[in-house]
Amino acid sequence: MKKPSPLHNWHQDHGAEFVDWGECSVPQSYGRVDLEYAALKEGCGAVDQCHQARIRIEANDLIGFLNAVLTADVGELKPGTCTYAFLCNDRGGIVDSYLVYLDKAFALLLGSSAGRLSGVESLRAQADKLPAMGAKIIDVTDAQGLVSLRGPLSLQAIRTIAFDQDVSMEPGEGRLVTVGSAKALIIRPEGDLIEGFDIVSGSLSMFSLWEKIIDAGRVIPVTPVGQKAYECLRIRAGVPRVGVDCGPDTTPLEINQSPRVDFQKRQFPGRRAMMHSTSSEFSRVLVSLRMDGPGETSEGGEILADQMPVGRLTSSALVPGEGHMGLGYVNSLKSSIGTRLTIRTKAGDNIPAQVVKPAFQRSTF
């Protein structure tokens with residue numbers, strides 16, 4: 001039996017359809033994917049993300065440890081700020097992608113559900129290799145919950161649940177506030193796929209926190225959103241998901257995330273391997289695709305150019321109002337915007353496709 005979210009009973013009482021997501025059961029939809037997707041784009045969508053990884057790191061030299069194990073340079077981070085970074089294996093493959101929030105005494109890493117266990121194991125192995133830094137890796141996923149608010153009205157929702165507390169923060173900052181009787185860490189990610197906030201609080205406080213967020217709908221529209229609409233948003237934004245579009249055999253360079261890899265640092269797992277994998281002639285890259293075909297049948301299909309295989313589709317979704325969109329890897333020579341391709345489905349059908357520019361902004365799940 002899949003592990004339920006702390007909010008499972010609320011979702012069930014409000015008509016959610018559930019889907020297995022890793023080791024968890026999460027809301028797939030509340031019945032109207034089009035309205036949920038519209039809320040993310042035009043209003044405020046509330047998404048239960050309790051299934052995603054949360055890892056707390058304490059260390060004698062916290063910045064030193066983070067810089068030694070993650071791809072991004074976190075040396076400029078100050079308490080109350082955050083950035084994105086990858087944890088890679090020695091081959092440069094992605095173990096997980098993290099939003100790294102720095103506090104005075106610890107760092108909190110928000111990662112994926114698919115990379116949770118391997119990420120914890122890898123971080124602990126790195127801590128053992130660097131004993132002088134005294135790093136402690138604590139998996140707090142079960143002890144804490146996570147809710148994401150996304151959409152142009154998400155800041156108004158944050159202000160509503162925080163009452164008269166100061167929640168003014170720039171992208172890349174976070175703040176601890178009181179919501180009801182509980183403390184909650186509110187983070188405003190920088191460069192996320194669309195305007196929004198991540199809210200972390202204790203698992204026992206999540207039910208009342210979620211109800212206060214939904215109750216903010218009396219002031220501004222707040223819509224509970226399932227994973228199907230959220231998947232539509234991330235695919236339309238060209239955002240790869242760990243465990244689906246990228247993983248241990250994929251480097252950040254292949255998913256267009258080189259800005260989050262700082263080769264100026266002397267060490268981090270995968271640095272040497274990635275520095276020697278820059279031949280563009282034979283490399284593959286992740287692209288966004290618009291397809292003229294059914295919305296649910298082409299994942300895993302082969303991507304062809306002039307009848308020759310050039311890659312494979314990894315994600316697809318029927319995006320409300322925009323048609324069938326997908327993500328897939330192609331040879332870098334076939335990755336230009338406007339390139340015409342064909343998706344050969346597992347059933348043998350050929351679907352015309354075209355490389356398109358992602359919408360919104362860029363991030364990684």
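Exactly one of these conditions fails for Phe18: (1) surrounded by fewer than 19 Cβ atoms within 10 Å (Cβ to Cβ); (2) without any contact (Cβ under 8 Å) to a residue 24 or more places away in the chain. Give me its number. The single condition Phe18 does not satisfy is (1). Taking the numbered list (1) in contact (Cβ under 8 Å) with a residue 40 or more places away in the chain; (2) crowded, with 21+ Cβ neighbours inside 10 Å in turn, Leu35 passes all entries but (2). Would you confirm whether any residue within region 54-67 is in the same structural domain as Leu155 (by TED's automatic domain parsing), crowded, with 19+ Cβ neighbours inside 10 Å and either of a type in the set (Gly, Ala, Ser) or in a loop (DSSP other than H, G, I, E, B) (or both)? Looking through region 54-67, none of the residues is in the same structural domain as Leu155 (by TED's automatic domain parsing), crowded, with 19+ Cβ neighbours inside 10 Å and either of a type in the set (Gly, Ala, Ser) or in a loop (DSSP other than H, G, I, E, B) (or both). Against the conditions (1) surrounded by fewer than 16 Cβ atoms within 10 Å (Cβ to Cβ); (2) in the same structural domain as Arg344 (by TED's automatic domain parsing), where does Ala182 fall short? Just the number, please. Checking Ala182 against (1) surrounded by fewer than 16 Cβ atoms within 10 Å (Cβ to Cβ); (2) in the same structural domain as Arg344 (by TED's automatic domain parsing), the one that fails is (2). Residues of region 8-27 that are under 20 Å from Phe207 (Cβ atoms) and within 20 Å of the chain's Cα centre (by Cα): Phe18, Trp21, Cys24, Ser25, Val26, Pro27. Being outside any strand (DSSP E or B) and either without any contact (Cβ under 8 Å) to a residue 12 or more places away in the chain or farther than 27 Å from Lys78 by Cβ (or both) is true of Pro152. When the residues of region 194-209 are filtered to those that are outside any helix (DSSP H, G or I) and of a type outside the set (Val, Ile, Thr), the one that is modelled with the lowest pLDDT is Glu195. Residue pairs whose Cβ atoms lie under 6 Å apart, sitting 6 or more positions apart in sequence or on different chains, and linking a residue in region 203-223 that is in contact (Cβ under 8 Å) with a residue 12 or more places away in the chain to a partner that is crowded, with 16+ Cβ neighbours inside 10 Å and of a type in the set (S, T, N, Q), are Leu209/Ser201; Ala216/Thr160; Val219/Thr160; Ile220/Gln156.
The values are calculated or read from the model by the stated rules, or taken from the named source; none is laboratory data. Worth saying up front: this structure is predicted, and the values here are computed from it rather than measured. With ideal geometry, Cβ positions are generated from the backbone for all residues, glycine too; neighbour counts draw on all protein chains shown.
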